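The structure appears below as structure tokens.
The values are calculated or read from the model by the stated rules, or taken from the named source; none is laboratory data. Bear in mind that the values here come from a model prediction, so they are computed numbers and not experimental data. Positions of Cβ are backbone-derived with ideal geometry, glycine not excepted, and every protein chain shown enters the neighbour counts.
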Amino acid sequence: MSDDEFDAFLTETELSGADDGPLAGRTVAVKDNISTAGVTTTCGSAMLADYEPPFDATVVERLREAGATVVGKTNMDEFGMGGTTETSAFGPTKNPVDPDRVPGGSSGGSAAAVAAGAADLALGSDTGGSVRNPAAFCGVVGIKPTYGLVSRYGLIAYANSLEQIGPIADTVEGAAALLDVIAGPDERDATTRYDAADGGPEEHPAETTSYADAADGDADGFTVGVPTELVEGATEPVRETFHAGLDALRDRGVETREVSLPSVEHAVQAYYVIAMSEASSNLARFDGVRYGESGDGGDWNESFAAAREAGFGPEVKRRILLGTFALSAGYHDEYYEKAQDARAWVKQDFDEAFAETDVLATPTMPVVPPERGESLDDPLQLYLMDANTVPVNLANLPAISVPAGTADGLPVGCQFVGPSFGEAAVIRAASALEAAVE
Amino acid sequence: MSETPDGTDDSVGADDVRHVAELARVDLADEEVAEFADQFEEILDYFAALDEVPETDADAELVNVMRADEVREGLSQAAALSNAPDSEGGYFRGPRVS
């Protein structure tokens with residue numbers, strides 16, 4: 001194990017796997033909101049500084065059955081709430097590409113571990129971009145699967161309706177091979193079921209697809225849609241690198257065309273209202289009674305409020321309070337109901353775009369990785385950095401971030417978004433770009 | 001947050017922040033209250049654009065997922081209590097209710 005010079009890990013360990021399997025001999029870093037039996041799982045929060053889950057997440061079981069060795073638990077924004085890994089109660093992670101800069105987030109430790117070579121592969125979780133953002137900022141590959149492809153059993157919840165566990169690797173094929181291992185139905189997460197009783201497909205898509213085989217570099221004949229709304233917001237250097245990537249794809253037989261997604265102008269607002277509302281409910285469980293530090297003294301309510309004051313950092317409190325507000329009497333219709341309308345509208349827009357394209361392409365992030373400490377003081381500015389990633393979670397779709405080149409010497413990621421359960425298409429498109437820019 | 005639901009006054013005061021914090025069972029220091037009041041005003045102002053979103057029907061292709069109601073292995077009582085700061089006789093021990 002390295003000396004962790006980028007502070008990617010919160011806990012180093014060695015949980016060995018089966019002798020044989022598709023990941024035999026491979027090391028995997030696991031985000032610290034994914035449960036590992038008997039190994040501290042903090043979610044980057046002081047609230048869970050000493051929490052040891054009594055069970056493994058389904059994805060951790062599958063990793064070990066596939067022969068992988070879990071080498072550590074990685075740093076993250078507290079409960080996944082942030083895009084820079086700076087809201088962790090245990091200090092920030094450095095970007096291995098440039099240690100003065102953030103690695104992105106919230107799965108910043110996972111992406112940094114892969115970029116630094118401290119693990120072959122990593123797992124993150126993506127609620128509004130938390131796998132794709134750090135993959136883009138650290139110059140590696142990250143996949144956000146279709147909602148329901150990967151079991152969330154053992155993932156400590158932030159916003160259940162939006163989040164998926166996803167793989168991070170230094171190649172498209174590596175990330176796809178890890179997806180092959182973790183994807184599939186799980187009776188402990190009912191949202192992974194795909195056997196729509198009313199005439200839906202019999203098989204879960206993961207059981208009939210090899211994602212690694214889709215990473216063949218061949219997207220000849222693909223039609224790639226480029227949503228103008230999600231390119232315009234990026235900085236000039238990011239756009240230049242993105243467009244150079246599209247040129248390289250066209251040289252490999254890909255047709256590109258502009259598409260419009262008018263609803264995405266409201267996606268960031270809708271995402272934050274829904275995510276904060278779900279967070280306010282999910283994080284109610286942290287009361288200092290079943291786990292965490294007890295809030296000493298007083299009655300039930302006073303003790304809870306004291307435990308939560310001490311255990312949560314500012315961004316988590318902000319989101320719990322705003323979510324509580326958005327769900328409160330008199331404001332529910334104005335915020336939460338409208339956000340659900342926007343979510344449905346975003347889904348419709350994507351469906352229409354996929355009627356005439358195979359996948360969509362955008363810059364993953366509108367900016368290059370900021371310097372540490374640069375962006376923490378203004379929460380709204382941080383939320384706006386998620387403009388290109390959150391629409392995908394609202395629409396439950398699969399997406400991948402793959403390196404497209406650099407701008408000002410820093411990594412730029414290209415995001416491909418596919419139709420529901422269209423992981424193979426985004427993996428194929430990403431592998432074509434990977435081959436083209438090498 | 002002082003506004004009526006039709007949005008005639010959108011300023012966010014310290015009392016509004018304290019009220020929501022009480023609902024959410026989170027104590028706040030005075031300086032946190034002041035900081036959050038300013039930030040919430042800016043964030044809620046940004047969220048207000050949701051008002052322009054048309055009513056849209058969600059086309060949910062959802063089916064209920066059922067399983068047989070059979071006894072199966074679960075967490076042991078000791079494992080479930082293993083992270084609790086305080087327990088007694090196999091139960092979580094919490095603060096007094098009132």
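Contact map, the range A:82-100: residues that are within 21 Å of A:THR406 (Cβ to Cβ) paired with residues that are of a type in the set (Ser, Thr, Tyr) and surrounded by fewer than 21 Cβ atoms within 10 Å (Cβ to Cβ), Cβ distance under 8 Å, separation 6+ or inter-chain. Pairs shown: A:THR84/A:SER375. For the range B:82-98, a residue qualifies if it is more than 24 Å from the chain's Cα centre (by Cα) and either of a type in the set (Gly, Ala, Ser) or surrounded by 14 or more Cβ atoms within 10 Å (Cβ to Cβ) (or both), and the qualifying residues are B:SER82, B:SER87, B:GLY89, B:GLY90.
Restricting the range A:354-384 to residues that are more than 9 Å from chain B (Cβ to nearest Cβ) and surrounded by fewer than 18 Cβ atoms within 10 Å (Cβ to Cβ), the residue that is nearest to A:LYS94 (Cα to Cα) is A:GLU371. Against the condition without any contact (Cβ under 8 Å) to a residue 40 or more places away in the chain, surrounded by fewer than 23 Cβ atoms within 10 Å (Cβ to Cβ) and of a type in the set (Ser, Thr, Tyr), how does A:SER303 come out, does it pass? Here the answer is yes, as A:SER303 does meet what is asked. Do we find that A:ARG290 is within 12 Å of another protein chain (Cβ to nearest Cβ), of a type in the set (Lys, Arg) and not in a loop (DSSP other than H, G, I, E, B) in this structure? Against the criterion (within 12 Å of another protein chain (Cβ to nearest Cβ), of a type in the set (Lys, Arg) and not in a loop (DSSP other than H, G, I, E, B)), A:ARG290 does not qualify.
Within the range A:250-268, the set of residues being part of a helix (DSSP H, G or I) and crowded, with 23+ Cβ neighbours inside 10 Å comprises A:SER263, A:VAL264, A:HIS266, A:ALA267, A:VAL268. Scanning the range B:55-85 for residues that are closer than 27 Å to A:THR324 by Cβ and within 7 Å of chain A (Cβ to nearest Cβ) yields B:GLU55, B:THR56, B:ALA58, B:ASN83, B:ALA84, B:PRO85. The condition (being at positive phi, surrounded by 22 or more Cβ atoms within 10 Å (Cβ to Cβ) and not hydrophobic (A, V, I, L, M, F, W, C)) is satisfied by just one residue among A:GLY44, A:GLY25: A:GLY44. Away from chain B (no Cβ under 14 Å), touching a residue at least 40 places away in the same chain (Cβ under 8 Å) and touching a helix residue (DSSP H, G or I) at 6+ places or on another chain (Cβ under 8 Å): does that describe A:VAL150? It is true that A:VAL150 is away from chain B (no Cβ under 14 Å), touching a residue at least 40 places away in the same chain (Cβ under 8 Å) and touching a helix residue (DSSP H, G or I) at 6+ places or on another chain (Cβ under 8 Å). When A:ARG188 is tested against (1) under 17 Å from the mean Cα position of the chain (by Cα); (2) within 14 Å of chain B (Cβ to nearest Cβ); (3) of a type outside the set (Val, Ile, Thr), only condition (1) is not met. Under the condition of being more than 7 Å from chain A (Cβ to nearest Cβ) and farther than 25 Å from A:SER35 by Cα, the residues counted in the range B:86-98 number 2.
Could you grab the pairs with beta carbons closer than 8 Å, sequence gap of 6+ or different chains, first residue in the range A:226-252 and acidic (Asp, Glu), second one surrounded by fewer than 22 Cβ atoms within 10 Å (Cβ to Cβ)? Going by the 8 Å Cβ cut-off, the qualifying pairs are A:GLU229/A:SER260; A:GLU229/A:PRO262; A:GLU229/A:GLU265; A:GLU240/A:ALA407; A:ASP251/A:ALA436. When the residues of the range A:326-337 are filtered to those that are surrounded by fewer than 24 Cβ atoms within 10 Å (Cβ to Cβ) and facing chain B (nearest Cβ under 7 Å), the one that is farthest from the chain's Cα centre (by Cα) is A:GLY330. When the range A:388-420 is limited to residues that are buried (at least 22 other Cβ atoms within 10 Å of the Cβ) and small (Gly, Ala, Ser), the one that is farthest from the other protein chains (Cβ to nearest Cβ) turns out to be A:ALA404.
The set of residues from the range B:41-51 being more than 7 Å from chain A (Cβ to nearest Cβ) and among the charged types (D, E, K, R) comprises B:GLU41, B:ASP45. Residues in the range A:163-179 that are out of contact with any Leu (no Cβ under 7 Å at 6 or more places or on another chain), buried (at least 22 other Cβ atoms within 10 Å of the Cβ) and in a helix (DSSP H, G or I): 5 in all. The condition of being within 30 Å of A:ASP186 (Cα to Cα) and at pLDDT below 95 holds for B:GLU61.
Condition check: over 23 Å from A:CYS138 (Cα atoms), out of contact with any Lys or Arg (no Cβ under 8 Å at 6 or more places or on another chain), crowded, with 24+ Cβ neighbours inside 10 Å and charged (D, E, K, R). Does A:ARG343 satisfy that? Yes, satisfied.
Taken over the range A:293-315, the residue count meeting the criterion of being more than 8 Å from chain B (Cβ to nearest Cβ), part of a helix (DSSP H, G or I) and over 20 Å from B:GLU41 (Cβ atoms) is 3. Of the residues that sit in the range A:338-353 and are more than 8 Å from chain B (Cβ to nearest Cβ) and of a type in the set (Asp, Glu), which one is farthest from A:MET276 (Cα to Cα)? Step by step, filter the range A:338-353, then rank; the result is A:GLU352.
Could you check the range B:12-40 and list, in sequence order, the residues that are in contact with a Gly (Cβ under 9 Å, 6 or more places away or on another chain) and more than 7 Å from chain A (Cβ to nearest Cβ)? The answer is B:ALA37, and nothing else.
Based on what the data block shows, is A:ARG319 more than 7 Å from chain B (Cβ to nearest Cβ) and either assigned to a loop (DSSP other than H, G, I, E, B) or modelled with pLDDT of 95 or more (or both)? Yes. One residue is enough: does the range A:24-32 have a residue meeting the conditions of a type in the set (Lys, Arg) and part of a loop (DSSP other than H, G, I, E, B)? Looking for residues that are of a type in the set (Lys, Arg) and part of a loop (DSSP other than H, G, I, E, B), one finds at least one in the range A:24-32, hence yes.
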